[in-house]
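The values are calculated or read from the model by the stated rules, or taken from the named source; none is laboratory data. Note that this is a predicted model, so its numbers are computed, not measured. Glycine gets a Cβ as well: all are built from the backbone with ideal geometry, and neighbour counts include every protein chain shown. The accessibility values were calculated without ligands, DNA or RNA, using every heavy atom of the protein model including side chains. Shrake-Rupley method; radii C 1.70, N 1.55, O 1.52, S 1.80 Å.
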Amino acid sequence: MNRDPHLNELGEFLKARRAEVSPSEVGLRGGQRRRVSGLRREEVALLASISTEYYTRIEQGRLQASAPLLNEIAQSLRLNDDQRTYLFDLAAKERVRPPTSGDRQQVDTQLQRMLDDLTASPAFVIGRRTDILGWNQLAAALWADFGRYPEQERVFVRLLFTEPWMRELYADWEEVTRLAIAQLRMESARYPGDQRLTALVEELSARDTQFREWWTAHDVAMRGKGVKKLRHPVVGELTLDWNTLTCGTDPDQHIIVWNAEPGSPSHDGLRLLTSWAADQKRTASGTVA
C-alpha cells in the first residue's frame, strides 16, 4: 500500500514530539524501566482517549486523523501554537497546490522601492524556501551583496552552511541556523510537492551532518520577531531586533526588517555602517567611471 508521504511526516513529527514529553509532565507515572525517552504510544493514546492500535496507525502514516482527534493529541503532547499549526497543515485533506520546479517568486517594483527607502534599517525579502528575493543597500553591507550569488544559491539556510562568513557573522550561529531549519520545515508542510525544496533538503543533508541531524529533529517555527547578536567585520558587535512583515500580494514572501534600540551602541554601529556602505558605493561608481 502506498502511504501518503504527508501522513508519514505527520507520524515522524508526533514521534519526535512525544519523545520530548515526560510522563510526569502529563500526570503519569514514569515507571522504573523505559526503553524510550518521553511518552510511549500507549500513554499518548490513553491521554487522547483512543486505543493504542488506533494511535499507532496514525503515527505509522496509515490513518488520516480527524480534526477533533488531532486537537486531543496536540493537547496530550503539549504542542505550542507553531507545532499545532504544523500538525494541522500536515493533516489537511485539502492541499495547497504545490509549486512546480518552474514556479519562481519575485519581488515587485513597489516592494523593492520600499526596501530601498529603508535607508536606516537593513531589510530583505525571504521566500518559501528561504530564497533571498530582494534586499536593500544596508542589508548588502550587513550580510553581502546577494546579487553576486547565482539565484539557485541565494538561499538563506544554504548560505548558513556553505559560507564561512555567515558562521563568523552570527555570534549565535547554531541558534540562528536551527531556527531557519525549523521555519523551512514549517513551509514544507504547506508545499509537500515542492521539488526545489526537496532538492535543497537533500543537498544540505548530504553536505552537512548538522543539517541532517537538525532537520530530522522535526522542530518547527513560524517567522515572527527576535533579537540577534552579530559580529560585523567593519563596525564590530551589533545587537539587532528583527521583525517579520508579510507581503500583501504574496503571503509566501516575508519582509525581515532589522533595527537597533535608539541611542545604543548598535544604533550607532548601524549609522556607521550606512556611511561606510555609501562610501563603498561612491568608490565603486568612481572606479566604473
Taking region 1-39 only, how many residues are at pLDDT 70 or above, under 18 Å from LEU87 (Cβ atoms) and not in a helix (DSSP H, G or I)?
-> 5
Provide a single number: the residues in region 48-91 that are on the phi < 0 side of the Ramachandran plot, touching a residue at least 12 places away in the same chain (Cβ under 8 Å) and outside any helix (DSSP H, G or I).
-> 8
Can you tell which of ALA217, ALA123, ALA171, ALA140 is touching a residue at least 60 places away in the same chain (Cβ under 8 Å) and under 17 Å from GLU9 (Cβ atoms)?
-> ALA217
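So that you can scan it fast, the table gives a plain yes or no per residue for (1) of a type in the set (Phe, Trp, Tyr); (2) under 22 Å from the mean Cα position of the chain (by Cα); (3) at pLDDT 95 or above:
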| position | (1), (2), (3) |
| --- | --- |
| GLN64 | no, no, no |
| ALA67 | no, no, no |
| PHE88 | yes, yes, no |
| PRO98 | no, yes, no |
| GLN112 | no, no, yes |
| VAL125 | no, yes, yes |
| GLY134 | no, yes, yes |
| GLU168 | no, yes, yes |
Is there any pair with a first residue in region 230-244 that is of a type in the set (Ser, Thr, Tyr) and a second that is open to solvent by 60 Å² or more (accessible area, probe 1.4 Å) whose Cβ atoms are under 6 Å apart and which are 6 or more apart or on different chains, and what are they?
-> THR239/LYS229
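The rows are residues; the columns are (1) more than 24 Å from GLY236 (Cα to Cα); (2) surrounded by 18 or more Cβ atoms within 10 Å (Cβ to Cβ); (3) touching a residue at least 12 places away in the same chain (Cβ under 8 Å).
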| residue | (1), (2), (3) |
| --- | --- |
| TRP165 | no, no, yes |
| GLU187 | yes, yes, yes |
| ARG196 | yes, yes, yes |
| ALA199 | yes, no, no |
| PHE211 | yes, yes, yes |
The number of residues in region 138-163 that are open to solvent by 30 Å² or more (accessible area, probe 1.4 Å) and in contact with a Pro (Cβ under 7 Å, 6 or more places away or on another chain) is 0
Is one or more of the residues making up region 273-286 within 21 Å of TRP165 (Cα to Cα) and touching a strand residue (DSSP E or B) at 6+ places or on another chain (Cβ under 8 Å)?
-> yes
